Every structure is written in structure tokens, then in C-alpha cells.
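The values are calculated or read from the model by the stated rules, or taken from the named source; none is laboratory data. Keep in mind the model is a prediction, meaning the values are calculated, not measured. Cβ sites come from the backbone with ideal geometry, for glycine too, and all protein chains shown count toward neighbours. Side chains are part of the model used for accessible areas, which takes the heavy atoms of the whole protein and leaves out ligands, DNA and RNA. Shrake-Rupley method; radii C 1.70, N 1.55, O 1.52, S 1.80 Å.
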Amino acid sequence: MQRKDNWLLPEGIGEVLPEQAAHLEKLRRTLLDTFACWGYQLVIPPFVDFLDSLLTGSGHDLDLQTFKLTDQLSGEMLGVRADMTPQVARIDAHHLQHDGPTRLCYAGTVLHAVGDPLEKSRSPMQIGAELYGHAGLESDYEVIRLMLEMLAISGLQNVHLDLGHVAIYRALAEHAGLNQQQESKLFDVLQRKARTELVELLAGFALDERFQAIFNALPKLNGGREVLDKADGLFAGLPCSGIIGDALTDLRGIADRLRRDFPSLSVSFDLAELRGYHYHTGMVFAAFVPALGKEIARGGRYDNIGARFGRARAATGFSADLKVLAAMFQDIDSARQVVYAPFGEDVDLLQTIRDLRAQGEVVIQQLPGQTDAAAQLGCNAVLQNQNQRWVVKPLV
């Protein structure tokens, strides 16, 4: 039997080494502090949870991504979280039970059974924010602005925002009379933007001709604001035109606010975009940057997710992979001072070291017998005794 190297890690699972870890942690703290300034309170859900709680309100995709195991104490099925949003919804609905809007944020590792095809990682560090208890367009816009603030702090440029609304497809599928199997097949084809396959699939459904034409036209409703005007004409006169009209009004409202507050932001609309369809109930949005072939952050509205936990609450939020953000984050303070201090138990020396560390300086004190030079330890300054005073000098 071939011996396995003990240092090998499972596929898609990685370690974060000191330099990258410091970089990652600095961004994590900065972003959580920013969320706090907006009124979002930090929560820390458990890494392992009951399976039905983890999958509450989610779709088949999240079920496939969740590692499952049996609890040796209760005999119940447990899961390792693949998404923290259901857990945060439980905290809002069951533990906090606020009557008014509640703002929560989180950051922690999640585990995916299948890795992302682009990133190859199965252990993203999910960071996000959720706003509960408000169903208006204003709360959708607040979380979009906070997401854009997060991306700006991470140093990302040329951000493109894509907007959609899953209520449009929900209304069309219901009023077209699609059964669950047909709806699932149509959803899959629309997600893949497979137009030829879409035509063939719809031809096999016993659909009203107008609904068949509408579903065939959905993938083409992708582009600038003119898409919303085309949709007005396409959906006019349908039994569900009221629901769809409200969704289009919401999209216009967000677009107007974005044009006012972020005039240089690139914005597009995709009415066939159904990311999180089994999860979201209203507006969905995703941010893209040129350097990445998928969304850098995503979110949307998912009302009533708390019903399973005893309180059906309006909810909207976003999330991103902190590791991906950190890979693009330019740390302007990366050249900070690192001080090398000699070994000793002199009272003044120890007090000087304590003072420097209290001021946020990095001080590495020599240990007995240590032969590493200061430069080898990454130091760029040294603590020296001059005229019976300990002072910091640049390392030359």
C-alpha cells in the first residue's frame, strides 16, 4: 500500500500561512468594523448544526453542498454549514425576536461538499450582512450600498452590478400552469442560458402560445435599462402583470438611486437571472469585477425564511468570500514597522516593549540562544539603549 504523506490536505481544503493570514484578518476586522458603523451587529453561528435547520428555505443546490453526519449523542442528522444565512435567520427569529428592523453581520468558514469550478476551494470564508424586519425597497438599497462599500474598502475597481427579480419568473411559472417537474427543468435551462434547448423544451410543454413566447424571450431580457421598457410590453395584459409590474417598479427604483449615488457604477438587468431561485423571493443582485470570472459578491431578498423558526420576517442581505476579497485587497499599511528587541529583563526595556505594543507596534523580542538576525525575522527597526534610554532605530 502506498503511504500517504501526512502533510497533504483534502482536495479543495487549504491552509492560510502567516503573511496571508495577517492580510486576511486585517480585512476581516476592517469590514466588520464598517458593518458595525452601519448598525450591523456581529453574530457567530455554530459550524455544525441540525441538518433541517441548515437547509431551511434553501434549495437542492445547498443540500448537495452540505456535508452530513450523524450525531452520536442524539442520533439526529447534522450538517456542516455550507451557508450561514439560515443560521443567522434563526438567530433573528428565535433568539432576538425584535419587533423592528434587525441588522446582523457575520464572518466565518463554511464547507462545501463540491468545490467551486473556478476557485477550486471547498472552504470559503463567508462574510455578509442581513437586514430583517423591513419589506421596503429602502432596505434592499441599504444592503446593496453596504455591499458596494465593502467592495470599495477591499480596493476593487470597475465593479459591475447585475440586478434581477425572481418574483417575475415565479409569477410566470404559476400562471402558465407549470407543474413542479416542468418548472424545475425550465429553471435549469434558463440558468444555463441554453436558448436552443429552451425552444425544444417549451415545445414539449402544453403551454399557451403567449407564455411559450414569453419564456423563449426571457433570456433576451438582459442588458441596460431598456430591458425594463421591453419587459413592460412583453408582460402587458398577463393575469400576473400586477406582480411583474411591481417587480419592474422596484428594479427601476433601485436603478434610479444607484444612478444618483453611484453615477460611474456600471449597472445591468437580467430578468432570466434566477440565482438562489429556491431561496430568494424578490430582488437579487450580484457584483462582478474584470479580474474574476464569477460574481465577487451576491445577495437578494428572501422573505419568510424565519417562518420555520417561529417568525416569518422580511429579510434581505448579501455575502462574499473573504478569501477572494483578500486576494484582491491592497494593504496600504503592509510596510508597517516591526521592531527587534534584545533579550533582557531590564525593567526599562520591558516597559518600553509594553508601551510600543500598546501603541500597536509589532515588537519581537530575542530569546536566549537565538541566533537569527533581526532582518531574518522580518524586522525593519531595532530597539537600542542610548544614554540609558531605550529608543527605536531603523535597521540598516
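Details
- Of the numbered criteria (1) surrounded by 20 or more Cβ atoms within 10 Å (Cβ to Cβ); (2) assigned to a helix (DSSP H, G or I); (3) charged (D, E, K, R), the one Arg313 fails is (2).
- Note on the stretch 84-99: residues that are open to solvent by less than 30 Å² (accessible area, probe 1.4 Å) and assigned to a loop (DSSP other than H, G, I, E, B) total 1.
- Checking the stretch 64-72 against the condition returns a match, with at least one residue being aromatic (Phe, Trp, Tyr) and over 17 Å from the mean Cα position of the chain (by Cα).
- Number of residues in the stretch 1-56 that are open to solvent by 60 Å² or more (accessible area, probe 1.4 Å), polar (S, T, N, Q) and outside any helix (DSSP H, G or I) equals 3.
- Members of the stretch 359-396 found to be surrounded by 14 or more Cβ atoms within 10 Å (Cβ to Cβ), out of contact with any helix residue (DSSP H, G or I) (no Cβ under 6 Å at 6 or more places or on another chain), of a type outside the set (S, T, N, Q) and in contact (Cβ under 8 Å) with a residue 40 or more places away in the chain, listed by number: Cys379, Ala381, Val382, Leu383, Val392, Leu395
- Looking only at the stretch 164-184, residues that are out of contact with any helix residue (DSSP H, G or I) (no Cβ under 6 Å at 6 or more places or on another chain) and crowded, with 17+ Cβ neighbours inside 10 Å come to 7 in all.
- If you go through the stretch 100-125 and pick out every residue that is open to solvent by 20 Å² or more (accessible area, probe 1.4 Å) and either touching a Phe, Trp or Tyr at 6+ places or on another chain (Cβ under 7 Å) or assigned to a strand (DSSP E or B) (or both), you end up with 7.
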